[in-house]
Amino acid sequence: MPTEVILPRVDMDMAEGRISRWYVENGASVAKGQPIFEIETDKAAMEVEAPASGVIRDLATTLDTPLPVGSTVAWIDAEGEAARAEPSPASQTATKPAAPARAPATKAGISPGSRADKVAGEASPRATPLARRLARDNGIDLASVAGSGPKGRVQAADITAATPSRAETRSMPAAAPASGGELNRQWLRQGEGTPLVLLHGFGGDLNAWRLFLATVRPQCPVLGIDLPGHGGSAARPMIGFDDMVSAVAETLRAERLDAVHLAGHSLGGAVATVLAGREGSAARSLFLVAPAGLGPDINGAFISGFLRARSAASLAPWMRLLASDPTALGSAFVEATLRQRQAESAQEGLEQVSARLFPDGTQAFDVRPILEHLAIPVKLVFGSDDRIIPARHSQGLPGQVAVHLFAGIGHMPHFEARDQVARLARELMRSA
């Protein structure tokens, strides 16, 4: 009997959500517990797993459309079970006001830190989620690839080495893995024009931008990068702040991007600023959200508590310091952060970053002088109630830097004032 896949309730007050991407296509074989789509709500983005094993069909392929909780978004037939000729009435109403198409769903990669590599069965080779996605997209048998990761785990770089070269396309960039000194990265959106490059803050990863992107809805390609010590780049060794910047620069060179819009939150903002100030920089605009590197102060207790936390119960109180509104970051956000922390090398990587960049609760790097000499449009967004980096660090900046201070907002303006911050980001990219 077919198994119904429904849009789940991921927050107590959730009434509707949006499917931001599917990890599978119509007719694909899925395993119970395998992430099959990503859901975005007003508070968080998270993966939804297959409720059963079998062949998935009748996917609700209309993305970023509000759907009520409990909507049927797909069906899973048991292996060998004949699929019905027409979708059920429940499936036809899943995407109200738009009905699901029977064409294949939009391809999308599995985000770093997901558990897809753990649920494919005991006979499945050990591999990172990104490596699995690349292998699938390039028709490569994972069993034929020698893994270079811990315990022979297949890494994205191993798939890259086994993949024949292919023509590049700027309008629809392909997901790109880390290799050598490059960092893990993923094209989060397709589009035309100058790409937008996103750099996350301390303790996050490239997936931290997904909810914000659902609001910005950029028309250009969007590239997310995991900083050293974070996400899919957790095992990448880091000597210091300059080394972190150089690793991002090397990754951008590998993508052969001759022009980019740079955006960074917190630590990522400091990295983006240095990149924009380098000679021959490809940056055409710089968007900074609660950036680090403008003063020595930082909440050392938050960093220590964040690193010590090993459960949702111990992590949640520290995560609440990120936002002025305690409901802005829901339980799904905390759980997603905890899952990312539990990945191999993640804890060690974050501790290394903390020790080198924030010794004794101090920011050991300064990017303020760079802003004096930038000739590109720059916008800086801060929350007046930021409890991680003091909002006063936004004072005394050069007159050509547009500073936007949001009253009653914390360290995550792009979550708490998402519509306003998204509008500022769109304005900046248009001005460039």
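The values are calculated or read from the model by the stated rules, or taken from the named source; none is laboratory data. All figures in this text were calculated on a predicted structure; none of them were measured in a lab. Cβ: placed from backbone, ideal geometry, glycine included. Neighbour counts: every protein chain shown. The area values use the complete protein model at the heavy-atom level, side chains included, leaving out ligands, DNA and RNA. Shrake-Rupley method; radii C 1.70, N 1.55, O 1.52, S 1.80 Å.
Here are some notes:
- Some residue of segment 416-427 being among the basic types (K, R), over 21 Å from V245 (Cβ atoms) and touching a Ser or Thr at 6+ places or on another chain (Cβ under 7 Å): yes
- Flag for L275 being aliphatic (A, V, I, L, M), under 20 Å from M429 (Cα atoms) and not in a helix (DSSP H, G or I): no
- Failed condition for P369, given (1) more than 27 Å from R418 (Cβ to Cβ); (2) outside any loop (DSSP other than H, G, I, E, B); (3) in contact with a Phe, Trp or Tyr (Cβ under 8 Å, 6 or more places away or on another chain); (4) open to solvent by 40 Å² or more (accessible area, probe 1.4 Å): (3)
- Residue that is part of a loop (DSSP other than H, G, I, E, B), more than 23 Å from the chain's Cα centre (by Cα) and either at pLDDT below 75 or surrounded by fewer than 18 Cβ atoms within 10 Å (Cβ to Cβ) (or both), where the choices are G33, G80: G80
- Residue in segment 85-94 that is at pLDDT 70 or above, β-branched (V, I, T) and more than 30 Å from N184 (Cβ to Cβ) present: no
Listed here are the residues, each with its yes/no results for (1) assigned to a strand (DSSP E or B); (2) surrounded by fewer than 18 Cβ atoms within 10 Å (Cβ to Cβ); (3) free of Cβ contacts under 8 Å to residues at least 24 places away in the same chain; (4) within 21 Å of the chain's Cα centre (by Cα).
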site	(1), (2), (3), (4)
G305	no, yes, yes, no
A316	no, no, yes, yes
T337	no, no, no, yes
V381	yes, no, no, yes
L397	no, yes, no, no
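- Failed item in (1) part of a helix (DSSP H, G or I); (2) more than 30 Å from L63 (Cα to Cα); (3) open to solvent by less than 10 Å² (accessible area, probe 1.4 Å); (4) among the aliphatic types (A, V, I, L, M), with L213 passing the rest: (2)
- All conditions but one from (1) assigned to a helix (DSSP H, G or I); (2) among the hydrophobic types (A, V, I, L, M, F, W, C); (3) open to solvent by 30 Å² or more (accessible area, probe 1.4 Å) apply to L350; the one that does not is (3).
- Number of the exception - A425 against (1) part of a loop (DSSP other than H, G, I, E, B); (2) under 26 Å from the mean Cα position of the chain (by Cα): (1)
- In segment 255-269, the residues that are assigned to a helix (DSSP H, G or I) and open to solvent by less than 10 Å² (accessible area, probe 1.4 Å): L267, G268, G269
- The residue that is modelled with the highest pLDDT, among those in segment 318-335 that are surrounded by fewer than 19 Cβ atoms within 10 Å (Cβ to Cβ) and not in a helix (DSSP H, G or I), is D325.
- Here A309 clears all of (1) open to solvent by less than 20 Å² (accessible area, probe 1.4 Å); (2) closer than 19 Å to L206 by Cα; (3) modelled with pLDDT under 95 except the condition numbered (2).
- Checked against the criterion of being under 30 Å from A432 (Cα atoms), in contact with a Pro (Cβ under 7 Å, 6 or more places away or on another chain) and either polar (S, T, N, Q) or part of a helix (DSSP H, G or I) (or both), segment 288-302 contains not a single residue that satisfies it.
- In segment 188-206, the residues that are closer than 30 Å to L357 by Cα and open to solvent by 30 Å² or more (accessible area, probe 1.4 Å): F202
- Residue match in segment 196-208 (condition: small (G, A, S), assigned to a helix (DSSP H, G or I) and in contact with a Leu (Cβ under 7 Å, 6 or more places away or on another chain)): no
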